[in-house]
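Contents: one structure, followed by commentary.
The values are calculated or read from the model by the stated rules, or taken from the named source; none is laboratory data. These numbers were taken from a predicted model, which means no experiment stands behind them. Cβ: placed from backbone, ideal geometry, glycine included. Neighbour counts: every protein chain shown.
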Amino acid sequence: MKELYIKNLCIEITRRCNMRCTHCMRGDAESVDIPLKHISNLLRHVRHIHHFNITGGEPSLNVRAIRHILERVRAYGITVNDFYIVTNGSATSRSEEFIEACAALYEYQEEKEQDSGHMLEMSDDRFHDPAEHAATLAALSPYPFFGVRGQAERIFLFREGRSTEGFPNPVHGIYLTEENYVYGDLCLNAEGMVLSNGDLSYARQREHALCPCGKLMQYLRMTLKKRQKERLYE
């Protein structure tokens, strides 16, 4: 049964990366792509997603997973207000298959104009290769869903992974309401685990995993019962 209304969903589709940025909040890249069954296991419970963030690693290295996400939201009849992908601007982000996958996501999402940015954005901070930036900007600028992230002068960082600068990165919980609304940030990592923070390093992801994605509904219903019980004794 499709039940969940999710404000913020993040799916980590790969841990592979074709750069070694000193600011990477994930840590060292890993040769891991998300098994597609994990995506299906989570999305089959969902009715609507407001913000859908597809992340990595470098997302353009796993176009297969992007296509699978679109296939599943269509098959399950899930409405999506907007998708969001950030690429590092490397050559794979200029590939025909990645551009076609992004164009299909853009066509599917309900909100074509996004006040806060674009569906596909390129990191334009000081840690990335300016030559790659220029080539990617030239290749993707004609598309209405593309823009730069706007961090050339100032980038927001957490002290995670290889990043030695930035802010502390607290972990907040998620819970289910009586209206089947998931409060908080619901994240699915490449290992198939559910988290409540999509900006954690790979090491901290393992530390703060909530449950396997196959037990998502069981976990969320537990949070609902806990909150109902707490209110009963207030």
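Descriptive notes on the structure:
Condition check ((1) touching a Phe, Trp or Tyr at 6+ places or on another chain (Cβ under 9 Å); (2) modelled with pLDDT under 95; (3) loosely packed, with under 15 Cβ neighbours inside 10 Å; (4) hydroxyl-bearing (S, T, Y)) across all residues:
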residue	(1), (2), (3), (4)
F156	yes, yes, yes, no
R159	yes, yes, yes, no
R162	no, yes, yes, no
V171	no, yes, yes, no
V182	yes, no, no, no
L186	no, no, no, no
Q228	no, yes, yes, no
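- Options I66, I49, I85: the member that is under 16 Å from the mean Cα position of the chain (by Cα), crowded, with 23+ Cβ neighbours inside 10 Å, in a helix (DSSP H, G or I) and of a type in the set (V, I, T): I66
- Of all the listed residues (E110, E97), the sole one being exposed (fewer than 14 other Cβ atoms within 10 Å of the Cβ), at pLDDT 95 or above and in a helix (DSSP H, G or I) is E97.
- Taking region 190-209 as the range and being farther than 19 Å from S40 by Cβ, in a loop (DSSP other than H, G, I, E, B) and among the acidic types (D, E) as the test, only D199 passes.
- Selection within region 26-42: residues that are under 23 Å from F167 (Cβ atoms) and surrounded by fewer than 19 Cβ atoms within 10 Å (Cβ to Cβ). The member of this set that is modelled with the lowest pLDDT is G27.
- Residues located in region 210-234, provided they are in a loop (DSSP other than H, G, I, E, B) and in contact with a helix residue (DSSP H, G or I) (Cβ under 8 Å, 6 or more places away or on another chain): L210
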